[in-house]
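Undergrad: Mind having a look at this structure? Questions to follow.
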Amino acid sequence: MEGKRKRGGCCGWFIALVILALVAGAVVYTVKKRFGGRSGSDKPDPVPGPPGAVDQKYSSALKTSLKFFDIQKSGKLVDNKIPWRGDSALKDGSPASLDLSKGMYDAGDNMKFGFPMAFTASVLSWAILEYGDQMDHVGQLESAQDSLKWITDFLIAAHPSENTLYIQVGDPGVDHGCWQKPEDMKEKRPLIRINASCPGSDIAAETAAAMASASLVFKKTDSTYSSTLLKHAKQLFTFADKNRGSYSENIPEVATYYNSTGYGDELLWAAGWLYHATGDDSYLEYVTGQNGEDYANWGNPTWFSWDNKLAGAQVLLARVSFFKGKDISNSHGSGLQKYRKTAEAVMCGMLPDSPTLTKSRTDSGLIWVSEWNSLQHPVASAFLAAIYSDYMLTSQTPNLKCGSDYFRPSDLRNFAKSQADYVLGKNPVGMSFLVGYGDKFPQFVHHRGASIPKDENPGCKDGFKWLESTDPNPNEATGALVGGPFLNETFIDSRNNTMQTEPTTYNSAFIVGLLSSLVTTSSIAQSFT
């Protein structure tokens, strides 16, 4: 009996040890899951050093993506890199005795819409400020800066006095009634402007954001140009703030194409950039005081786009909290924390394993919000995620808390990579949506210049035969990021399928930013000044 009791005791102890091991294993697994699959959750990841090894995939894609800006340039082309493009719109601005020949065409048409053009400049500036060292590492910084200056030269010319801003060149009704290359345009190019009696706080503030951010880009290389940009930015912000109103409400005819749903986000976005460009605390007071209460929508994450800048403003102002938090007064600090908390909610909505993830995505994991230009939102989201990941790494912030779970900077970077990889061909149709990258990409891009042979010069109506042609585009719109897939992840490569095959310059700014963040194996957030 005694022997049996001994055997029974050993068995009991063995079972107890097994149960204890299982419990311990479960605890370890839970901790690892909750902390982004890593133990030692309070220990931050190492701060990355100078740009690491180049990822050739992203480097090649970045070089490709920057070429679309050259395709979109208006005016007298200097050192033209696109063989099927030439000088165009040389008399733009002449009705007002201005030279508005520069700038960029909006998409596949020949219009210059100031609202998305200024936003393109803001995003491109941000990309250069965060990742200019990485662009330089792969020989693409000069190209990015040149494209930015082509836009800001136009914006300076479009702002001839403190309270006047020209916001559109061309008549979209006439323009969309023609199918011709920009080099062949002979139609009148009317101008639309805002002023004190017909204000547009949204577009004036967006232009201020573009100029303030660009002033930082050129601060070291051309201080005079940088100062000029900053002067215009300050004037336009004051104009936008003191003469409040939506440009698409005051000028209803522009609402068909780029209707603004409000101006509060642009005011905060511009003030955020002006704080970074000037260091003036009055801009922090602006975003953390009553204007923040009125417009920031704290606690409610949104999508970053040409119409809604809130997510971008929240991440931009979180930057202040990450790197200057100790130097900020308590009155501003509490407001900045609200921006940072909302930026965290934006990040948590993106992460696939987050308990608060958004359901707005395809079965393959692509963020999907709109059937028109569907790639804008995933690429913009991935760009913000990459930036936020680098803020966390550089500031030695170990974790991001989403609900009851925790995630590492690497989780955000992996999400950013997943969206970039989808765009570059890792998707159900096996197609790169970046024209000119990979073995398979769209051949019927909705783009006038790309669709008409170089040696043809059709009139306004004669060119429609190339819109309807069943042949692929004779000219490659290299670097164009097309609209993208439908929710069911299908894609119809047709010039008449504007939803899916038309590219835009602001999409290009987003993809340039995203690819720049991934072009080397490590990156670190640096001072803007």
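Undergrad: Taking all protein chains together and a probe of 1.4 Å, list LYS149, LYS181 from the most accessible to the least accessible.
TA: Values: LYS149 70, LYS181 10 Å².
The residues order as LYS149, LYS181, largest area first.
Undergrad: Next up: Please report the relative contact order for the range 308-352, taking Cα pairs under 8 Å with a sequence separation of at least 6, and give it as a percent rounded to a whole number. Please report the intermediate quantities before stating the final value.
TA: Working: 23 pairs, mean separation 22.0, N = 45.
Relative contact order of the range 308-352: 49 percent.
Undergrad: Just going by the charge dipole of the chain, with Lys and Arg at +1 and Asp and Glu at -1 on Cβ, which of HIS447, LEU351, LEU191 is farthest out on the positive end?
TA: LEU351
Undergrad: If I take every Cα pair under 8 Å that is 6 or more residues apart in the chain, average their sequence separation and divide by the length, what percent do I get for the relative contact order? All intermediate terms of the calculation are to be shown ahead of the outcome.
TA: Values: 1020 pairs, mean separation 113.5, N = 529.
Relative contact order here is 21 percent.
Undergrad: Okay, next question. For PHE323, tell me the accessible area in Å² from a 1.4 Å probe, rounded to the nearest 10.
TA: 80 Å²
Undergrad: Give a residue-ordered list of calculated ³J(HN,Hα) values for the range 443-454 (Karplus: 6.51 cos²θ - 1.76 cosθ + 1.60, θ = phi - 60°; whole Hz; x for Gly, Pro).
TA: Result, rounded to whole Hz: 10, 10, 4, 6, 7, 4, x, 6, 8, 10, x, 4.
Undergrad: Treating each Cα of the chain as an identical point scatterer and ignoring solvent, apply the Debye formula and state log10 I(q)/I(0) at q = 0.06, 0.07, 0.10 Å⁻¹.
TA: Once normalised to I(0) and log-transformed, intensities are -0.30, -0.40, -0.77.
Undergrad: With every protein chain kept in the model, how would you rank SER97, SER404 by accessible area, 1.4 Å probe, largest at the top? It would help to have the intermediate numbers written out before the result.
TA: Details: SER97 105, SER404 65 Å².
The ranking, largest first, comes out as SER97, SER404.
Undergrad: Then there is this: Can you give me the distance in nm between label points at LYS426 and THR164, each placed 7 Å from the Cα along the Cα-to-Cβ direction?
TA: Each label point is offset 7 Å from its Cα along the Cβ direction, giving 5.3 nm.
Undergrad: Let me check against my output: what whole-number percent is the relative contact order of the range 436-499, with C-alpha pairs under 8 Å and at least 6 apart?
TA: Numbers: 60 pairs, mean separation 30.2, N = 64.
Reported as a whole number, the value is 47 percent.
Undergrad: Any idea what the dipole of the range 237-292 comes to, in debye rounded to 20, about its Cα centre with Lys/Arg Cβ at +1 and Asp/Glu Cβ at -1? Intermediate values should be presented prior to the final figure.
TA: Working: 2 positive and 8 negative charges, 17 e Å.
That gives the range 237-292 a dipole magnitude of about 80 debye.
Undergrad: Between the range 162-176 and the range 356-412, how many Å separate their Cα centres?
TA: Distance between centres, Cα-based: 35 Å.
Undergrad: Can you work out the PRE-style zone for SER364? Point 7 Å along Cα to Cβ, and I want the residues of the range 457-485 with backbone N under 18 Å.
TA: Label zone hits: 481-485.
Undergrad: With every protein chain left in place, what is the accessible area of SER410 in Å² (1.4 Å probe, nearest 10)?
TA: 30 Å²
Undergrad: While we're looking at this one, here's another question. Provide SER360, SER282, SER260 ordered by accessible surface of protein heavy atoms (probe 1.4 Å), highest first. Can you show the working numbers first?
TA: On the way: SER360 40, SER282 65, SER260 10 Å².
Most to least solvent-accessible, the answer reads SER282, SER360, SER260.
Undergrad: What is the range 138-278 by shape, rounded, prolate or oblate, if you read a ≥ b ≥ c off the alpha carbon gyration tensor as root eigenvalues and call it rounded for a/c under 1.5, prolate for a/b larger than b/c, and oblate otherwise? Let's see the in-between values first.
TA: Values: a/c = 2.03, a/b = 1.18, b/c = 1.72.
In terms of gyration-tensor shape, oblate.
Undergrad: Add -39500 (n - 2.57) for each DSSP H run of 4 or more in the chain, then divide by its residues: what number comes out at 222 nm, to the nearest 500 deg cm²/dmol?
TA: Values: 20 runs with 267 residues, N = 529.
Using -39500 (n - 2.57) per qualifying helix, the result is -16000 deg cm²/dmol.
Undergrad: Once whole DSSP H runs in the chain are found, which of them have Cα atoms spread over 18 Å or more along the helix axis and a mean Kyte-Doolittle score of at least -0.5? Mind dumping the intermediate values first?
TA: Working: long enough: 2-34 (48 Å, 0.57); 56-72 (26 Å, -0.42); 114-137 (32 Å, 0.29); 141-157 (24 Å, 0.34); 201-217 (24 Å, 0.99); 223-242 (28 Å, -0.36); 264-278 (21 Å, 0.13); 310-324 (21 Å, 1.18); 330-350 (30 Å, -0.61); 376-394 (27 Å, 0.61); 409-423 (22 Å, -0.83); 505-518 (20 Å, 1.17).
Counting only whole DSSP H runs, the qualifying helices are 2-34, 56-72, 114-137, 141-157, 201-217, 223-242, 264-278, 310-324, 376-394, 505-518.
Undergrad: Between the alpha-carbon centers of the range 210-275 and the range 460-489, tell me the distance in whole angstrom.
TA: The range 210-275 and the range 460-489 have Cα centres spaced 32 Å from each other.
Undergrad: Treating cross-link reach as a plain straight distance, find the lysines whose alpha-carbon is under 26 Å from the alpha-carbon of LYS81, omitting any fewer than eight places away in the same chain.
TA: Here the lysines satisfying the reach criterion relative to LYS81 are LYS57, LYS63, LYS67, LYS73, LYS91, LYS102, LYS112, LYS149, LYS181, LYS186, LYS440, LYS454.
Undergrad: Taking square-rooted eigenvalues a ≥ b ≥ c of the alpha carbon gyration tensor, is the range 168-228 rounded, prolate or oblate, where a/c under 1.5 means rounded and, failing that, a/b exceeding b/c means prolate? All intermediate terms of the calculation are to be shown ahead of the outcome.
TA: On the way: a/c = 3.35, a/b = 1.66, b/c = 2.02.
It is oblate, given that a/c is not under 1.5 and a/b is not larger than b/c.
Undergrad: By how many nm would the segment from ASN488 to LYS401 grow when fully extended, if each residue of separation counts as 0.36 nm and the alpha-carbon distance is taken off?
TA: So the chain would gain 28.2 nm between ASN488 and LYS401.
Undergrad: Tell me, what is the 1.4 Å probe accessible area of TYR391, in Å² to the nearest 10?
TA: About 0 Å², rounded to the nearest 10.
The values are calculated or read from the model by the stated rules, or taken from the named source; none is laboratory data. Model, not experiment: these values are computed from the prediction. Cβ sites come from the backbone with ideal geometry, for glycine too, and all protein chains shown count toward neighbours. For accessibility, only protein heavy atoms count, side chains too; no ligands or nucleic acids. Shrake-Rupley method; radii C 1.70, N 1.55, O 1.52, S 1.80 Å.
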